[in-house]
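Read the structure below first, then the notes.
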Amino acid sequence: RFLVKGGLAGAAVYVAYDQGLLGSGTEGAEALRKAQETLPPAIQEWTDYLGWEVRAAQLPATPKFDFSVSDSWNRGVHSVMSALSVAPTRACEYTVEGWKYVKDLMK
């Protein structure tokens, strides 16, 4: 069982690598475009082969993704670096406010 599962997992990783899903963003976008072109005719062929009647309206439309991983990553890096750059100043401000609060409690 373990060998069969390992073989299937290895095959899945190989197919993903072979199709360009583990490469750069442009290779992944190209693989998605190929899948969007290939899947509807393949589904229609299988339904015809199995004798099922499937209308195009029954199949959900493929989702449209307008998402750039590199832009999101860059925005995240900028946010973290911005927070780290103001951290010492904010720490001093919060420390001063904390001391004022403690002094007011002691009065």
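Side notes on the structure shown:
- Filter result (farther than 15 Å from Ser70 by Cα and polar (S, T, N, Q)) within segment 12-27: Gln19
- If you go through segment 1-20 and pick out every residue that is open to solvent by 100 Å² or more (accessible area, probe 1.4 Å) and part of a loop (DSSP other than H, G, I, E, B), you end up with 1.
- Glu45 vs. criteria part of a helix (DSSP H, G or I), modelled with pLDDT under 85 and open to solvent by 100 Å² or more (accessible area, probe 1.4 Å): yes
The rows are residues; the columns are (1) in a helix (DSSP H, G or I); (2) at pLDDT 90 or above; (3) open to solvent by 100 Å² or more (accessible area, probe 1.4 Å).
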{"site": "Pro63", "(1), (2), (3)": "no, no, no"}
{"site": "Asp66", "(1), (2), (3)": "no, no, yes"}
{"site": "Ser70", "(1), (2), (3)": "yes, no, no"}
{"site": "Trp73", "(1), (2), (3)": "yes, no, yes"}
{"site": "Met81", "(1), (2), (3)": "yes, yes, yes"}
{"site": "Ala87", "(1), (2), (3)": "yes, yes, no"}
{"site": "Tyr94", "(1), (2), (3)": "yes, yes, yes"}
{"site": "Gly98", "(1), (2), (3)": "yes, yes, no"}
{"site": "Lys103", "(1), (2), (3)": "yes, yes, yes"}
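The values are calculated or read from the model by the stated rules, or taken from the named source; none is laboratory data. The structure displayed is predicted, hence computed values, not measured ones. Ligands, DNA and RNA are stripped out before the accessible areas are found, and what is left, the full protein with its side chains, is counted by its heavy atoms. Shrake-Rupley method; radii C 1.70, N 1.55, O 1.52, S 1.80 Å.
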